[in-house]
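Shown next, in C-alpha coordinates, is the structure this report addresses.
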Amino acid sequence: MDSLPDAILQHILSHINNARDVVACNSVSKRWKDSMPYIHSLYFPRNSFDNHAGSVNPDNIVWKVLSSIVQLEELVVYSPFSGAGLSSWLSLIGPSLQRLELRMDNLAELQTCNENPSKLNCISAAMNLESLKLWGVLVTHSPNWNVFQNLWNLEIVGARMEDSALSAALDACPNLTTLLLLGCEGVRSVSIDLPHLQQCKLDFYGLGNCSLSLTSPKIEFLEVQGCSWIRVRETNYLKNLSIANNAGRVYLVDFGKLEALDFLSIRGVQWCWDAVRNILKWASEVKHLYMKVEFTGDFEALQPFPEIDLVEFFNSHPKLQKFDAHGAMFAALCQKNSLKHVDSGFVIPCLEEVVITVRSPLNAEQKMSTLESLLMYGKNLKALVIKILQMKSSHSSTDDFFDEICRFRYMNRHIVRME
(Lines give C-alpha, C1' and ligand atoms only; values in the text may rest on other atoms or scores of the structure.)
Protein backbone atom coordinates (compact mmCIF):
# COMPACT_ATOMS: atom_id res chain seq x y z
CA MET A 1 0.00 0.00 0.00
CA ASP A 2 2.89 2.37 0.75
CA SER A 3 4.04 2.20 -2.88
CA LEU A 4 0.65 3.21 -4.31
CA PRO A 5 0.08 6.74 -5.61
CA ASP A 6 -2.10 8.95 -3.42
CA ALA A 7 -5.00 8.92 -5.89
CA ILE A 8 -5.21 5.11 -5.94
CA LEU A 9 -4.90 4.89 -2.15
CA GLN A 10 -7.73 7.41 -1.79
CA HIS A 11 -9.87 5.43 -4.24
CA ILE A 12 -9.33 2.16 -2.32
CA LEU A 13 -10.00 3.69 1.09
CA SER A 14 -13.07 5.53 -0.21
CA HIS A 15 -14.89 2.16 -0.32
CA ILE A 16 -14.64 1.79 3.46
CA ASN A 17 -17.91 2.93 5.05
CA ASN A 18 -18.20 1.39 8.54
CA ALA A 19 -17.56 4.18 11.04
CA ARG A 20 -15.33 2.02 13.28
CA ASP A 21 -13.17 1.06 10.31
CA VAL A 22 -12.90 4.70 9.25
CA VAL A 23 -11.68 5.70 12.73
CA ALA A 24 -9.23 2.78 12.76
CA CYS A 25 -7.81 3.77 9.37
CA ASN A 26 -7.12 7.26 10.70
CA SER A 27 -4.73 5.71 13.19
CA VAL A 28 -2.66 3.70 10.67
CA SER A 29 -0.51 6.51 9.33
CA LYS A 30 -0.60 10.18 8.42
CA ARG A 31 -0.93 9.25 4.73
CA TRP A 32 -3.99 7.08 5.46
CA LYS A 33 -5.48 9.77 7.68
CA ASP A 34 -5.05 12.33 4.88
CA SER A 35 -6.94 9.98 2.51
CA MET A 36 -9.96 9.28 4.73
CA PRO A 37 -11.69 12.67 4.16
CA TYR A 38 -12.46 11.48 0.61
CA ILE A 39 -14.79 8.63 1.56
CA HIS A 40 -18.26 8.89 0.01
CA SER A 41 -20.34 6.75 2.39
CA LEU A 42 -20.49 6.38 6.18
CA TYR A 43 -22.39 3.78 8.21
CA PHE A 44 -22.98 3.70 11.98
CA PRO A 45 -24.30 0.24 13.02
CA ARG A 46 -26.83 -0.20 15.83
CA ASN A 47 -24.15 -1.18 18.35
CA SER A 48 -21.67 1.57 17.48
CA PHE A 49 -21.71 3.06 20.99
CA ASP A 50 -22.82 0.09 23.11
CA ASN A 51 -19.55 0.00 25.02
CA HIS A 52 -18.95 3.75 25.03
CA ALA A 53 -17.84 4.90 28.47
CA GLY A 54 -16.21 8.23 27.67
CA SER A 55 -17.44 11.67 28.63
CA VAL A 56 -18.00 12.74 25.01
CA ASN A 57 -21.62 12.43 23.84
CA PRO A 58 -22.06 9.95 20.92
CA ASP A 59 -23.74 12.73 18.90
CA ASN A 60 -20.54 14.75 19.20
CA ILE A 61 -18.41 11.77 18.17
CA VAL A 62 -20.47 11.39 15.00
CA TRP A 63 -20.15 15.14 14.37
CA LYS A 64 -16.35 14.94 14.71
CA VAL A 65 -16.12 12.08 12.19
CA LEU A 66 -18.40 13.89 9.75
CA SER A 67 -16.48 17.16 10.08
CA SER A 68 -13.35 15.47 8.74
CA ILE A 69 -15.04 14.38 5.48
CA VAL A 70 -14.86 16.65 2.46
CA GLN A 71 -17.99 15.63 0.52
CA LEU A 72 -20.11 12.84 2.02
CA GLU A 73 -22.76 11.44 -0.33
CA GLU A 74 -24.35 8.73 1.85
CA LEU A 75 -25.03 8.56 5.59
CA VAL A 76 -26.62 5.56 7.34
CA VAL A 77 -27.22 5.79 11.10
CA TYR A 78 -28.77 2.89 13.02
CA SER A 79 -27.29 3.88 16.39
CA PRO A 80 -29.37 6.09 18.75
CA PHE A 81 -29.15 9.84 18.22
CA SER A 82 -30.96 13.02 19.21
CA GLY A 83 -32.70 15.66 17.15
CA ALA A 84 -30.05 18.19 18.12
CA GLY A 85 -27.34 15.78 17.02
CA LEU A 86 -28.98 15.17 13.64
CA SER A 87 -29.42 18.91 13.13
CA SER A 88 -25.72 19.55 13.76
CA TRP A 89 -24.67 16.75 11.40
CA LEU A 90 -26.85 17.86 8.52
CA SER A 91 -25.72 21.47 8.90
CA LEU A 92 -22.27 20.15 8.02
CA ILE A 93 -22.96 17.63 5.27
CA GLY A 94 -26.47 18.54 4.08
CA PRO A 95 -25.51 20.20 0.77
CA SER A 96 -23.48 17.22 -0.49
CA LEU A 97 -25.65 14.42 0.91
CA GLN A 98 -27.52 12.34 -1.67
CA ARG A 99 -28.59 9.25 0.31
CA LEU A 100 -29.77 9.29 3.93
CA GLU A 101 -30.99 6.32 6.01
CA LEU A 102 -31.96 6.76 9.67
CA ARG A 103 -33.31 4.52 12.39
CA MET A 104 -35.40 7.19 14.07
CA ASP A 105 -36.63 5.28 17.16
CA ASN A 106 -39.23 7.95 17.92
CA LEU A 107 -42.52 6.06 17.83
CA ALA A 108 -43.12 7.02 21.47
CA GLU A 109 -45.38 10.07 21.22
CA LEU A 110 -44.22 11.77 24.46
CA GLN A 111 -40.57 11.50 23.52
CA THR A 112 -41.23 12.95 20.08
CA CYS A 113 -43.41 15.82 21.28
CA ASN A 114 -40.76 16.93 23.78
CA GLU A 115 -37.93 16.71 21.25
CA ASN A 116 -36.66 19.99 19.91
CA PRO A 117 -35.66 20.18 17.14
CA SER A 118 -37.78 17.39 15.66
CA LYS A 119 -35.74 14.69 13.91
CA LEU A 120 -38.20 14.70 11.03
CA ASN A 121 -37.92 18.46 10.53
CA CYS A 122 -34.11 18.33 10.64
CA ILE A 123 -34.04 16.34 7.40
CA SER A 124 -34.99 19.48 5.46
CA ALA A 125 -31.34 20.60 5.74
CA ALA A 126 -30.36 17.89 3.23
CA MET A 127 -32.12 19.52 0.29
CA ASN A 128 -30.22 17.61 -2.42
CA LEU A 129 -31.26 14.16 -1.25
CA GLU A 130 -31.97 11.56 -3.91
CA SER A 131 -32.91 8.72 -1.54
CA LEU A 132 -34.41 8.87 1.97
CA LYS A 133 -35.06 5.82 4.17
CA LEU A 134 -36.58 6.12 7.65
CA TRP A 135 -37.21 3.38 10.22
CA GLY A 136 -39.49 3.68 13.27
CA VAL A 137 -40.86 7.17 12.76
CA LEU A 138 -43.85 9.09 14.08
CA VAL A 139 -45.55 11.15 11.36
CA THR A 140 -48.53 12.63 13.17
CA HIS A 141 -47.68 16.26 12.41
CA SER A 142 -46.87 17.64 8.98
CA PRO A 143 -43.08 17.77 8.62
CA ASN A 144 -41.58 21.20 8.11
CA TRP A 145 -39.98 20.33 4.79
CA ASN A 146 -39.29 22.42 1.74
CA VAL A 147 -39.60 20.65 -1.60
CA PHE A 148 -37.05 17.88 -2.23
CA GLN A 149 -36.68 18.39 -5.98
CA ASN A 150 -34.05 15.65 -6.44
CA LEU A 151 -35.64 12.99 -4.24
CA TRP A 152 -36.62 9.96 -6.32
CA ASN A 153 -36.73 7.23 -3.61
CA LEU A 154 -38.66 7.43 -0.30
CA GLU A 155 -38.92 4.46 2.08
CA ILE A 156 -40.63 4.57 5.47
CA VAL A 157 -40.72 1.35 7.49
CA GLY A 158 -42.54 0.95 10.80
CA ALA A 159 -44.42 4.20 11.25
CA ARG A 160 -47.40 5.71 13.02
CA MET A 161 -49.09 8.22 10.74
CA GLU A 162 -51.92 10.68 10.36
CA ASP A 163 -53.46 11.13 6.91
CA SER A 164 -52.75 14.87 6.69
CA ALA A 165 -49.13 14.48 7.80
CA LEU A 166 -48.51 11.74 5.23
CA SER A 167 -50.05 13.90 2.49
CA ALA A 168 -47.83 16.84 3.46
CA ALA A 169 -44.72 14.65 3.39
CA LEU A 170 -45.58 13.33 -0.08
CA ASP A 171 -46.31 16.84 -1.34
CA ALA A 172 -42.71 17.74 -0.49
CA CYS A 173 -41.46 14.91 -2.74
CA PRO A 174 -43.09 15.60 -6.12
CA ASN A 175 -40.54 13.77 -8.27
CA LEU A 176 -40.57 10.36 -6.60
CA THR A 177 -40.18 7.32 -8.84
CA THR A 178 -40.11 4.80 -5.96
CA LEU A 179 -42.29 4.88 -2.82
CA LEU A 180 -42.35 2.28 -0.03
CA LEU A 181 -44.54 2.64 3.06
CA LEU A 182 -44.28 -0.59 5.04
CA GLY A 183 -45.86 -1.47 8.39
CA CYS A 184 -47.57 1.91 8.64
CA GLU A 185 -50.28 2.30 11.30
CA GLY A 186 -53.01 4.91 11.62
CA VAL A 187 -53.66 5.59 7.94
CA ARG A 188 -57.35 5.76 7.07
CA SER A 189 -57.47 7.47 3.69
CA VAL A 190 -54.57 8.34 1.43
CA SER A 191 -54.50 10.09 -1.92
CA ILE A 192 -51.22 9.88 -3.84
CA ASP A 193 -50.65 12.14 -6.83
CA LEU A 194 -47.10 11.64 -8.10
CA PRO A 195 -46.64 12.08 -11.85
CA HIS A 196 -43.26 10.30 -12.07
CA LEU A 197 -43.96 7.35 -9.73
CA GLN A 198 -43.06 3.96 -11.23
CA GLN A 199 -42.82 1.61 -8.24
CA CYS A 200 -45.08 1.75 -5.19
CA LYS A 201 -45.37 -0.67 -2.26
CA LEU A 202 -47.88 0.15 0.49
CA ASP A 203 -48.44 -1.93 3.63
CA PHE A 204 -50.97 -0.40 6.01
CA TYR A 205 -51.21 -2.08 9.41
CA GLY A 206 -54.48 -2.21 11.33
CA LEU A 207 -58.10 -3.15 10.59
CA GLY A 208 -57.63 -3.38 6.84
CA ASN A 209 -60.18 -0.64 6.12
CA CYS A 210 -58.01 2.02 4.46
CA SER A 211 -58.94 3.72 1.21
CA LEU A 212 -56.38 4.49 -1.49
CA SER A 213 -56.51 6.75 -4.51
CA LEU A 214 -53.43 6.72 -6.72
CA THR A 215 -52.84 9.05 -9.67
CA SER A 216 -49.52 8.17 -11.26
CA PRO A 217 -49.63 7.71 -15.03
CA LYS A 218 -46.17 6.07 -15.17
CA ILE A 219 -46.82 3.43 -12.48
CA GLU A 220 -45.34 0.03 -13.40
CA PHE A 221 -45.24 -1.87 -10.09
CA LEU A 222 -47.93 -1.60 -7.42
CA GLU A 223 -48.29 -3.66 -4.26
CA VAL A 224 -51.02 -2.80 -1.74
CA GLN A 225 -51.79 -4.45 1.61
CA GLY A 226 -54.53 -3.40 4.03
CA CYS A 227 -56.93 -1.40 1.83
CA SER A 228 -60.66 -1.99 1.34
CA TRP A 229 -61.18 0.64 -1.37
CA ILE A 230 -58.60 1.10 -4.13
CA ARG A 231 -58.83 3.46 -7.09
CA VAL A 232 -56.06 3.58 -9.72
CA ARG A 233 -57.35 4.91 -13.01
CA GLU A 234 -54.14 5.52 -14.99
CA THR A 235 -52.71 2.06 -15.64
CA ASN A 236 -51.26 2.13 -19.16
CA TYR A 237 -47.80 1.04 -17.96
CA LEU A 238 -48.76 -1.15 -14.99
CA LYS A 239 -46.98 -4.50 -15.32
CA ASN A 240 -47.05 -5.94 -11.81
CA LEU A 241 -50.05 -5.64 -9.47
CA SER A 242 -50.54 -7.24 -6.05
CA ILE A 243 -53.53 -6.55 -3.80
CA ALA A 244 -53.90 -8.18 -0.38
CA ASN A 245 -55.98 -7.60 2.73
CA ASN A 246 -55.30 -10.02 5.54
CA ALA A 247 -57.30 -8.17 8.21
CA GLY A 248 -60.35 -6.75 6.44
CA ARG A 249 -62.45 -7.04 3.28
CA VAL A 250 -61.80 -5.71 -0.19
CA TYR A 251 -65.01 -3.91 -1.16
CA LEU A 252 -64.01 -1.93 -4.24
CA VAL A 253 -61.26 -1.92 -6.85
CA ASP A 254 -61.42 0.67 -9.61
CA PHE A 255 -58.72 0.36 -12.26
CA GLY A 256 -58.33 1.33 -15.87
CA LYS A 257 -57.74 -1.29 -18.53
CA LEU A 258 -54.73 -3.37 -17.49
CA GLU A 259 -53.39 -3.98 -20.98
CA ALA A 260 -49.69 -4.04 -20.01
CA LEU A 261 -50.16 -6.28 -16.95
CA ASP A 262 -47.86 -9.31 -16.75
CA PHE A 263 -48.43 -10.35 -13.12
CA LEU A 264 -51.53 -10.14 -10.94
CA SER A 265 -51.83 -11.36 -7.34
CA ILE A 266 -55.01 -11.06 -5.28
CA ARG A 267 -55.02 -12.34 -1.70
CA GLY A 268 -57.14 -12.05 1.39
CA VAL A 269 -59.80 -13.66 3.55
CA GLN A 270 -62.81 -12.00 1.89
CA TRP A 271 -63.34 -10.02 -1.32
CA CYS A 272 -66.67 -8.78 -2.61
CA TRP A 273 -67.42 -10.74 -5.75
CA ASP A 274 -67.74 -7.59 -7.88
CA ALA A 275 -64.16 -6.71 -6.93
CA VAL A 276 -62.89 -10.17 -7.96
CA ARG A 277 -64.90 -10.21 -11.18
CA ASN A 278 -63.83 -6.71 -12.22
CA ILE A 279 -60.13 -7.15 -11.57
CA LEU A 280 -60.17 -10.39 -13.59
CA LYS A 281 -62.03 -8.64 -16.42
CA TRP A 282 -59.56 -5.75 -16.57
CA ALA A 283 -56.57 -8.11 -16.40
CA SER A 284 -57.47 -10.03 -19.57
CA GLU A 285 -53.89 -9.75 -20.90
CA VAL A 286 -52.20 -11.07 -17.73
CA LYS A 287 -49.49 -13.71 -18.05
CA HIS A 288 -49.12 -14.83 -14.42
CA LEU A 289 -52.17 -14.95 -12.15
CA TYR A 290 -52.01 -15.77 -8.42
CA MET A 291 -55.30 -16.08 -6.54
CA LYS A 292 -55.59 -16.81 -2.84
CA VAL A 293 -58.91 -15.37 -1.74
CA GLU A 294 -60.75 -17.60 0.71
CA PHE A 295 -64.31 -16.25 0.54
CA THR A 296 -66.55 -13.73 -1.14
CA GLY A 297 -69.67 -11.96 0.13
CA ASP A 298 -70.68 -8.30 0.37
CA PHE A 299 -71.36 -8.28 4.11
CA GLU A 300 -70.34 -10.14 7.27
CA ALA A 301 -71.36 -13.59 6.01
CA LEU A 302 -68.56 -15.49 4.29
CA GLN A 303 -69.73 -16.92 0.97
CA PRO A 304 -68.06 -19.41 -1.40
CA PHE A 305 -67.13 -18.30 -4.91
CA PRO A 306 -69.91 -18.59 -7.48
CA GLU A 307 -69.45 -20.99 -10.36
CA ILE A 308 -66.85 -19.94 -12.95
CA ASP A 309 -66.99 -21.39 -16.44
CA LEU A 310 -63.56 -22.85 -17.17
CA VAL A 311 -63.81 -22.34 -20.94
CA GLU A 312 -64.95 -18.75 -20.59
CA PHE A 313 -62.25 -18.02 -18.00
CA PHE A 314 -59.37 -19.19 -20.19
CA ASN A 315 -60.85 -17.67 -23.34
CA SER A 316 -60.94 -14.35 -21.45
CA HIS A 317 -57.26 -14.71 -20.48
CA PRO A 318 -55.62 -16.03 -23.67
CA LYS A 319 -52.06 -14.99 -22.73
CA LEU A 320 -52.06 -16.71 -19.33
CA GLN A 321 -48.81 -18.66 -18.87
CA LYS A 322 -48.82 -19.42 -15.14
CA PHE A 323 -51.92 -19.88 -13.01
CA ASP A 324 -51.80 -20.33 -9.23
CA ALA A 325 -55.28 -21.08 -7.85
CA HIS A 326 -55.86 -21.58 -4.15
CA GLY A 327 -58.85 -23.51 -2.76
CA ALA A 328 -61.86 -21.30 -3.48
CA MET A 329 -60.92 -20.37 -7.04
CA PHE A 330 -60.18 -23.97 -7.98
CA ALA A 331 -63.47 -25.09 -6.43
CA ALA A 332 -65.33 -22.44 -8.46
CA LEU A 333 -63.82 -23.81 -11.68
CA CYS A 334 -64.86 -27.33 -10.72
CA GLN A 335 -68.65 -26.95 -10.70
CA LYS A 336 -70.61 -29.52 -12.68
CA ASN A 337 -71.64 -27.05 -15.40
CA SER A 338 -68.14 -25.64 -15.90
CA LEU A 339 -67.23 -28.00 -18.76
CA LYS A 340 -70.61 -28.28 -20.46
CA HIS A 341 -69.89 -25.92 -23.33
CA VAL A 342 -66.53 -27.07 -24.68
CA ASP A 343 -66.34 -26.80 -28.45
CA SER A 344 -64.01 -28.94 -30.50
CA GLY A 345 -61.60 -26.08 -31.19
CA PHE A 346 -61.06 -25.05 -27.56
CA VAL A 347 -57.43 -24.88 -26.40
CA ILE A 348 -55.55 -23.06 -23.67
CA PRO A 349 -52.80 -21.75 -25.91
CA CYS A 350 -50.12 -20.23 -23.67
CA LEU A 351 -50.54 -22.01 -20.33
CA GLU A 352 -47.24 -23.57 -19.21
CA GLU A 353 -47.56 -23.99 -15.45
CA VAL A 354 -50.50 -24.50 -13.10
CA VAL A 355 -50.31 -24.66 -9.30
CA ILE A 356 -53.50 -25.92 -7.65
CA THR A 357 -54.08 -25.90 -3.89
CA VAL A 358 -56.78 -28.35 -2.78
CA ARG A 359 -58.30 -28.06 0.70
CA SER A 360 -61.43 -30.21 0.51
CA PRO A 361 -62.50 -33.57 -0.96
CA LEU A 362 -65.94 -32.16 -1.82
CA ASN A 363 -66.94 -32.48 -5.49
CA ALA A 364 -64.05 -34.86 -5.99
CA GLU A 365 -65.34 -36.07 -9.35
CA GLN A 366 -65.58 -32.53 -10.76
CA LYS A 367 -62.15 -31.65 -9.40
CA MET A 368 -60.55 -34.64 -11.07
CA SER A 369 -62.37 -33.78 -14.30
CA THR A 370 -61.01 -30.23 -14.16
CA LEU A 371 -57.45 -31.46 -13.60
CA GLU A 372 -57.78 -33.78 -16.59
CA SER A 373 -59.18 -30.92 -18.69
CA LEU A 374 -56.17 -28.74 -17.90
CA LEU A 375 -53.92 -31.49 -19.26
CA MET A 376 -56.14 -32.11 -22.28
CA TYR A 377 -56.57 -28.52 -23.42
CA GLY A 378 -53.30 -27.02 -22.19
CA LYS A 379 -51.31 -27.90 -25.27
CA ASN A 380 -48.12 -26.25 -23.98
CA LEU A 381 -48.48 -27.27 -20.33
CA LYS A 382 -45.12 -28.22 -18.84
CA ALA A 383 -45.96 -28.53 -15.13
CA LEU A 384 -49.09 -29.15 -13.08
CA VAL A 385 -48.42 -28.91 -9.34
CA ILE A 386 -51.05 -30.13 -6.87
CA LYS A 387 -50.77 -29.02 -3.25
CA ILE A 388 -52.85 -30.85 -0.66
CA LEU A 389 -53.37 -28.40 2.22
CA GLN A 390 -55.06 -29.08 5.57
CA MET A 391 -57.51 -31.59 4.14
CA LYS A 392 -59.21 -32.80 7.32
CA SER A 393 -62.08 -35.26 7.13
CA SER A 394 -62.92 -38.53 8.81
CA HIS A 395 -64.99 -39.55 5.81
CA SER A 396 -63.64 -42.24 3.48
CA SER A 397 -64.06 -39.81 0.57
CA THR A 398 -60.88 -38.04 1.66
CA ASP A 399 -58.80 -41.19 1.22
CA ASP A 400 -60.53 -42.00 -2.06
CA PHE A 401 -59.87 -38.53 -3.41
CA PHE A 402 -56.25 -38.67 -2.35
CA ASP A 403 -55.88 -42.04 -4.07
CA GLU A 404 -57.36 -40.57 -7.25
CA ILE A 405 -54.88 -37.71 -7.21
CA CYS A 406 -51.97 -40.09 -6.64
CA ARG A 407 -53.15 -42.22 -9.56
CA PHE A 408 -53.52 -39.13 -11.71
CA ARG A 409 -50.02 -38.02 -10.82
CA TYR A 410 -48.56 -41.45 -11.66
CA MET A 411 -50.31 -41.63 -15.03
CA ASN A 412 -49.03 -38.15 -15.95
CA ARG A 413 -45.77 -38.10 -14.02
CA HIS A 414 -43.91 -36.26 -16.79
CA ILE A 415 -46.05 -33.18 -16.03
CA VAL A 416 -47.86 -33.67 -12.71
CA ARG A 417 -46.23 -33.50 -9.29
CA MET A 418 -47.51 -33.19 -5.73
CA GLU A 419 -46.22 -30.99 -2.93
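The values are calculated or read from the model by the stated rules, or taken from the named source; none is laboratory data. These figures come from a predicted structure and were not determined experimentally. Backbone-built Cβ (ideal geometry, glycine too); neighbour counts: all protein chains shown. Please note that ligands, DNA and RNA were not included when accessible areas were found on the heavy atoms of the full protein model with its side chains. Shrake-Rupley method; radii C 1.70, N 1.55, O 1.52, S 1.80 Å.
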- Local charge sum around Val28 (other residues, Cβ-Cβ under 13 Å, Lys/Arg +1, Asp/Glu -1)? 0
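Rounded to the nearest 0.05, what FRET efficiency do Glu155 and Ser344 give with R0 = 45 Å and r taken as the Cβ-Cβ distance? Could you check? Show your work: numbers first, answer last.
On the way: r = 54 Å, r/R0 = 1.20.
Efficiency for this residue pair is about 0.25.
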- Cα gyration tensor shape of segment 296-419, rounded if a/c is under 1.5, else prolate or oblate by comparing a/b with b/c: oblate
- Task: Set the Förster distance to 25 Å, then compute FRET efficiency between Asp171 and Asn17 from the Cβ-Cβ distance, nearest 0.05.
- Result: 0.20
- Query: So in segment 230-306, what percent of DSSP beta bridges are antiparallel if you round to the nearest 5?
  - Reply: 5
- Compactness index (Cα Rg / 2.2 N^0.38 Å), the chain: 1.27
- Provide His414, His326, His11 ordered by accessible surface of protein heavy atoms (probe 1.4 Å), highest first. His414, His11, His326
- Over segment 261-408, what is the percentage of antiparallel beta bridges among all DSSP beta bridges, to the nearest 5? 5
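Please compare each pair in Lys218/Lys319; Lys257/Lys379; Lys319/Lys379 to a cut-off of 21 Å on the Cα-Cα distance and tell me which ones are over it. It would help to have the intermediate numbers written out before the result.
Numbers: Lys218/Lys319 23 Å; Lys257/Lys379 28 Å; Lys319/Lys379 13 Å.
From Lys218/Lys319; Lys257/Lys379; Lys319/Lys379, over 21 Å: Lys218/Lys319; Lys257/Lys379.
Return the percentage of antiparallel bridges among DSSP beta bridges fully within the chain, rounded to the nearest 5 %.
Values: 1 of 93 bridges.
Within the chain, antiparallel bridges account for around 0 percent of the total.
Please give the net charge around Ala126, taking every other residue with its beta carbon less than 12 angstrom from that of Ala126, where Lys and Arg add +1 and Asp and Glu add -1. Provide the component values of the computation, followed by the final result.
Numbers: positive: Arg99; negative: Glu73, Glu74, Glu101, Glu130.
Summing Lys and Arg as +1 and Asp and Glu as -1 gives -3.
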- Met418's amide H: which non-local residues (gap 5+, or another chain) put their own amide H closer than 5 Å, with H modeled 1.01 Å from N in plane and none for Pro or chain starts? Ile386
- Label-point separation in nm, Lys387 to Ala84, each point 7 Å along Cα→Cβ: 5.4
- Note on the structure: Here, Ser191 and Leu252, labelled 7 Å along Cα→Cβ, have an inter-label distance in nm of 1.3
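Around Glu285, what is the net charge, scoring Lys/Arg as +1 and Asp/Glu as -1 over all other residues with Cβ under 12 Å from its Cβ?
+3
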- Karplus (6.51, -1.76, 1.60) ³J(HN,Hα), θ = phi - 60°, over segment 209-226, in Hz, Gly and Pro reported as x: 10, 6, 10, 10, 10, 10, 10, 8, x, 9, 4, 10, 10, 9, 10, 10, 10, x
- Task: Please give the contour-minus-distance gain from Asn363 to Arg231: 0.36 nm per residue of separation, less the Cα-Cα distance, rounded to one decimal in nm.
- Result: 43.8 nm
- Message: Using the Karplus curve 6.51 cos²θ - 1.76 cosθ + 1.60 with θ = phi - 60°, what ³J(HN,Hα) values do you get for each residue of segment 167-183, in whole Hz, with x for Gly and Pro?
- Response: 4, 5, 5, 5, 4, 7, 10, x, 10, 4, 10, 9, 9, 10, 10, 10, x
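Under a point-charge model restricted to the Cβ atoms of Lys and Arg (+1) and Asp and Glu (-1), what is the dipole moment magnitude of the chain relative to its Cα centre, in debye to the nearest 20?
Numbers: 38 positive and 45 negative charges, 123 e Å.
In total the dipole reaches around 600 debye.
With a cut-off of 8 Å between alpha carbons and a minimum separation of six or more residues, what is the relative contact order of the chain in percent?
Numbers: 943 pairs, mean separation 25.3, N = 419.
Relative contact order here is 6 percent.
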- Task: For segment 41-190, list log₁₀ I(q)/I(0) at each q in 0.08, 0.22 Å⁻¹, using the Debye formula over Cα point scatterers of equal strength and ignoring solvent, two decimals each.
- Result: -0.21, -1.60
- Search the structure for amide H atoms under 5 Å from the amide H of Ser265, placed 1.01 Å from N in the peptide plane, and list their residues when 5 or more places away or on another chain. Leu241, Ser242, Ile243, Tyr290
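What is the Cα convex hull volume of segment 246-359 when expressed per residue in Å³?
Details: hull volume 12.2 nm³, N = 114.
About 107 Å³ per residue, rounded to a whole number.
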- Item | Gain upon complete extension [Asp34, Ser68; 0.36 nm per residue less C-alpha separation] | 11.3 nm
- Residue-wise, which Karplus ³J(HN,Hα) couplings in Hz belong to segment 311-327, taking 6.51 cos²θ - 1.76 cosθ + 1.60, θ = phi - 60°, and x for glycine or proline? 5, 5, 4, 6, 5, 7, 10, x, 9, 5, 10, 10, 10, 10, 10, 9, x
- Task: Would you please give the FRET efficiency between Asp298 and Glu419, computed as 1/(1 + (r/R0)^6) with r the Cβ-Cβ distance and R0 = 35 Å, to the nearest 0.05?
- Result: 0.55
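Would you calculate a helix-derived [θ] at 222 nm for the chain, using -39,500 (n - 2.57) for each DSSP H run of n ≥ 4 and dividing by the full residue count, to the nearest 500?
Estimated from H runs of four or more residues: -7500 deg cm²/dmol.
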